[in-house]
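Derivation of every value follows stated rules applied to the coordinates shown; laboratory data play no part. None of the values given here were measured: they were computed from a predicted structure. Glycine gets a Cβ as well: all are built from the backbone with ideal geometry, and neighbour counts include every protein chain shown.
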Amino acid sequence: MKNVTITVDDAVLEWARIEAAKRGSSVSRMVGEILAEKMRAEDAYVQAMRSALRFESWGVGAGPELTRDQLYERARFR
């Protein structure tokens, strides 16, 4: 583990101290946990985006494509 120094407003630090105390933690540990969660969320988003961009069509449909009029006709009866 590495130590870092951060700069925050006095009001933010006061809030962080109170919040950490409520959680039975230190400000340092709480900030570390928040950053780790942010990292996991970003990683999950990037993975989902890569997966979505790799999606390929399953190919041409089995039957003939419908005309625009046929599509509208089908939609009317649903």
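Can you bin the chain into rounded, prolate or oblate? Criterion: square roots of the alpha carbon gyration tensor eigenvalues sorted a ≥ b ≥ c, rounded for a/c under 1.5, prolate for a/b above b/c, oblate for the rest.
Values: a/c = 5.33, a/b = 3.10, b/c = 1.72.
In terms of gyration-tensor shape, prolate.
Please name which of Ala75, Ser26, Asn3 has its Cα lying farthest along the dipole of the chain towards the positive end, using unit charges on Cβ (Lys, Arg +1; Asp, Glu -1) and the Cα centre as origin.
Ala75
Suppose only helical runs count, i.e. DSSP H with n ≥ 4. What mean residue ellipticity at 222 nm does that imply for the chain under -39500 (n - 2.57) per run, divided by all residues and rounded to the nearest 500 deg cm²/dmol? Intermediate values should be presented prior to the final figure.
Numbers: 3 runs with 50 residues, N = 78.
Helix-only estimate at 222 nm: -21500 deg cm²/dmol.
Measuring from label point to label point, each 7 Å out along Cα→Cβ, what is the Arg40 to Arg74 span in nm?
4.3
Among Ala16, Ala48, Leu66, pick out the residue whose Cα is farthest towards the positive end of the charge dipole of the chain, where Lys and Arg carry +1 and Asp and Glu carry -1 on C-beta, about the Cα centre.
Leu66
Run the dipole for the stretch 1-54 about the Cα centre, Lys and Arg Cβ at +1, Asp and Glu Cβ at -1, nothing else charged, and hand back the magnitude in debye, nearest 20.
On the way: 9 positive and 8 negative charges, 68 e Å.
The dipole magnitude comes to about 320 debye.
Scanning the chain for GluC sites (Glu not before Pro) in DSSP loops with at most 13 other Cβ atoms within 10 Å, what's the longest stretch left with none?
Details: sites that count: Glu56, Glu65.
Here the longest segment lacking exposed loop sites spans 1-55.
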